[in-house]
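The values are calculated or read from the model by the stated rules, or taken from the named source; none is laboratory data. Keep in mind it's a predicted model, so treat the numbers as computed, not measured. Note: ideal-geometry Cβ built from the backbone for every residue, glycine included; neighbour counts use all protein chains shown. In case anyone asks, the SASA skips ligands and DNA or RNA and just uses the protein heavy atoms, side chains included. Shrake-Rupley method; radii C 1.70, N 1.55, O 1.52, S 1.80 Å.
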Amino acid sequence: MAGILAWFWNERFWLPHNVTWADLKNTEEATFPQAEDLYLAFPLAFCIFMVRLIFERFIAKPCAIALNIQANGPQIAQPNAILEKVFTAITKHPDEKRLEGLSKQLDWDVRSIQRWFRQRRNQEKPSTLTRFCESMWRFSFYLYVFIYGVRFLKQTPWLWDTRHCWYNYPYQPLTADLHYYYILELSFYWSLMVSQFTDIKRKDFGVMFLHHVASIFLISFSYVNNMARVGTLVLCLHDSADALLEAAKMANYAKFQKMCDLLFVMFAMVFITTRLGIFPVWVLNTTLFESWEIVGPYPSWWLFNLLLMLIQGLNCFWSYLIVKIACKAVSKGKAGKWNPLHVSKDDRSDLESSSEDEDSEPAGKKPHASTTNGTSGTNGYLITGPCSMDD
């Protein structure tokens, strides 16, 4: 084990030439980031999760009820033992051959069976109230941490001149505000990665899991080798759009459509500007070029920039989805009806189907697909047109 630890903490990988871990030990004059500080993130992540449960129960839920957001979920599928057995034991997405077989067995038309499976899948989706509470929690945290980050950074020299991220590196003392900011962000991402398995199931589960893992690794990595200054720039920049998205989602669940559209447009503008404009021009420029000039490359420097490029790749992917859905909505002339929300941090579609597909079957033996309720939404869900794509 000692040999493994010695190999893992090899100074020639983590630190610039002629710098050792002994040089970065805490003294009476200065405090530096220590790897053991990262253990604080685990109890704090648990505390954040508990605060979230309390917040959603005693703050978010009363707010949702005050906005007339109900706890009932999507429409219930008509009870049918045969279809239920297929759904639970075989497949939730029957192919054409199976649909034709079920149609003959039940004397139902294929479209009605397709609708039944859609409604049955939607039964497992959470209610609008649950979604609103989750979005309100994230909105509150994102807003708090972004405001804290801005207030902290505006007092630092590296916000105004990014070359200060590298002057006297790695002998840059760790301040209490920087330490708090870093550990808070790391704890939140740990809580997100764990709660992702218990939260609303998302179609982009894999992409978001990769994002959380990369974020945790990047925060931890940059803290250990004292790249925390540039790390704060990355964190604050990526937090800038998140609160707007969650606010837009809350407006959607409360059926404030005009406010929802306005907030989404603001979110899209901030997201694309910060992640495709400011991030590469400002942050990647200093990590790739200014640091090369002032400090010079070393093994962990390459890995750090590789992680930043991975984050930028995800930014490009999400920006593409935002633009794609916006263009799709404009081209179809449905700017007032489309669901713009689930494109970046939460591009999951609220329901799988259109309003026509959400209609209930008649009580008769052979329901007809032509029956429709003519509505464009149910319980705060926007269900007009095809599903929005996952972020």
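As I understand it, the dipole of the range 91-219 uses +1 on the Cβ of Lys and Arg and -1 on the Cβ of Asp and Glu, about the Cα centre. Which of 102, 197, 212 lies farthest toward its positive end? Farthest along the dipole direction, towards plus: 102. Compute the Cα gyration tensor for the range 81-124, then decide on rounded, prolate or oblate, letting a ≥ b ≥ c be the square roots of its eigenvalues: rounded whenever a/c is under 1.5, prolate when a/b is larger than b/c in the other cases, and oblate in all that remain. Prolate. Spacing of the modelled spin labels on residue 46 and residue 303, each 7 Å from Cα toward Cβ, amounts to 2.8 nm. Figure note: 131, 229 ranked by solvent-accessible area, largest first, 1.4 Å probe, ligands and nucleic acids not counted: 229, 131. Taking chymotrypsin sites (Phe, Trp or Tyr not before Pro) across the range 74-173, the ones in a DSSP loop with at most 15 further Cβ atoms lying within 10 angstrom of their Cβ are 167, 171. Dipole magnitude for the range 81-124: computed about the Cα centre from +1 point charges on Lys and Arg Cβ and -1 point charges on Asp and Glu Cβ, it is near 120 debye. Carbon-plus-sulfur accessible fraction, the range 254-329 (probe radius 1.4 Å, protein heavy atoms only): 79%. Tell me whether the range 154-302 comes out rounded, prolate or oblate; compute the Cα gyration tensor, take square roots of the eigenvalues as a ≥ b ≥ c, and use a/c under 1.5 as the rounded threshold. Note, shape of the range 154-302 comes out prolate.
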